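To start, the structure under review is shown below, and the notes come after it.
The values are calculated or read from the model by the stated rules, or taken from the named source; none is laboratory data. Quick caveat, the model's predicted, so the values are computed rather than measured. Cβ: placed from backbone, ideal geometry, glycine included. Neighbour counts: every protein chain shown.
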Amino acid sequence: MVRTRRPGPGQLALPLGFRPALARSDFIVAPSNADAVAWIDRWPDWPDLGLGFRALALHGPAGSGKSHLAAVWLARASGGVLIDDATAPQDERASLHRLNALKEPGGQLLLVGREAPARWPVRLPDLASRLKAIPAVALGPPDDALLAALYAKLFAERRLAQAPDLVPWLIARLERSGAAAADAVARLDRAALERHRPLTVALARTVLS
C-alpha cells in the first residue's frame, strides 16, 4: 500500500528525492502525442531527405512529453546527437558546421524545442534549407484522459496516495499542460509533508488557489 510520507516527531519536513520514470513503457500515448511516439519508435529508420544524416525535430509546449521521448531516443541511439531546448542559433555558421559534421556515417540528430526549426528566424540560406528539410512532429495539449494518467504517474513516482476526487479537481481547475501538472504535484507533495496532511481537495484549495 502506498502511503503519504510524513516526518516523525521533531524531524524536519524535507522532500525526499525521486526518479522520474522515463522508459518507453512509462510514456503515456494519446492522440496528442501519437505521431511523435510513432517517429521515435520508428528509429533508426528515419528518412535522409538529402541531408546526409537522419534527423527529427520534436516541438510543443513545456511538459508535453518532449523530454521523455528524447530520453527514450537517447537511450537507444548510441552516438546520436540530442539538442534539447533548441532555438534559433545565435551563431548560424557554427550551427551549419555542426550539422555538416553529422554527415559522417550513421549521423543521427534529434532536436527538441518549443517551435519547429523551419519557423526559426534564420538568415543563412544553407542553414535555413537544412532546418526546413528536417521532419518536424508536434506534441499537442493533453486531453482529460491523458491528464488523469499523467497525474497518476506523477503521484506514483513520488509514492504518494491521494483522495479519489483530487485528480478530477486538478484537471478541472489547473492549466492543462504537463508542466502545470508536474508543478502542482511537487507543491502538493511539499505541502503535505510540511503540514502533516493527506493529499485532498481541501489541501489543494489551500496550496494551489
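May I ask you to say which residue of 112, 122 is in contact with a helix residue (DSSP H, G or I) (Cβ under 6 Å, 6 or more places away or on another chain), in a loop (DSSP other than H, G, I, E, B) and modelled with pLDDT of 95 or more?
122
Looking only at residues that are farther than 19 Å from residue 178 by Cα, of a type in the set (Gly, Ala, Ser) and in a loop (DSSP other than H, G, I, E, B) in the stretch 36-62, which one is modelled with the lowest pLDDT?
50
Based on what the data block shows, is residue 208 surrounded by fewer than 20 Cβ atoms within 10 Å (Cβ to Cβ), under 23 Å from the mean Cα position of the chain (by Cα) and either farther than 21 Å from residue 34 by Cβ or in contact (Cβ under 8 Å) with a residue 60 or more places away in the chain (or both)? First the steps, then the outcome.
Details: surrounded by fewer than 20 Cβ atoms within 10 Å (Cβ to Cβ): yes; under 23 Å from the mean Cα position of the chain (by Cα): yes; either farther than 21 Å from residue 34 by Cβ or in contact (Cβ under 8 Å) with a residue 60 or more places away in the chain (or both): yes.
For residue 208, the condition - surrounded by fewer than 20 Cβ atoms within 10 Å (Cβ to Cβ), under 23 Å from the mean Cα position of the chain (by Cα) and either farther than 21 Å from residue 34 by Cβ or in contact (Cβ under 8 Å) with a residue 60 or more places away in the chain (or both) - is met.
Sort through 138, 145 and tell me the only one that's closer than 30 Å to residue 180 by Cα, among the aliphatic types (A, V, I, L, M) and touching a helix residue (DSSP H, G or I) at 6+ places or on another chain (Cβ under 9 Å).
138
Taking the residues in the stretch 75-106 that are surrounded by fewer than 17 Cβ atoms within 10 Å (Cβ to Cβ), part of a helix (DSSP H, G or I) and among the small types (Gly, Ala, Ser) as candidates, determine which candidate is modelled with the highest pLDDT.
Here the residue is 94.
Yes or no: the stretch 177-185 includes at least one residue that is charged (D, E, K, R), within 30 Å of residue 50 (Cα to Cα) and modelled with pLDDT under 95. Steps first, answer last, please.
Of the stretch 177-185, the ones charged (D, E, K, R) are 183.
From what is left, the residues that are within 30 Å of residue 50 (Cα to Cα) are none.
Among the residues of the stretch 177-185, not one is charged (D, E, K, R), within 30 Å of residue 50 (Cα to Cα) and modelled with pLDDT under 95, which makes the answer no.
From the residues in the stretch 124-135 that are free of Cβ contacts under 8 Å to residues at least 40 places away in the same chain and surrounded by fewer than 17 Cβ atoms within 10 Å (Cβ to Cβ), which one is nearest to residue 181 (Cα to Cα)?
Of everything passing the filter in the stretch 124-135, 132 is nearest to residue 181 (Cα to Cα).
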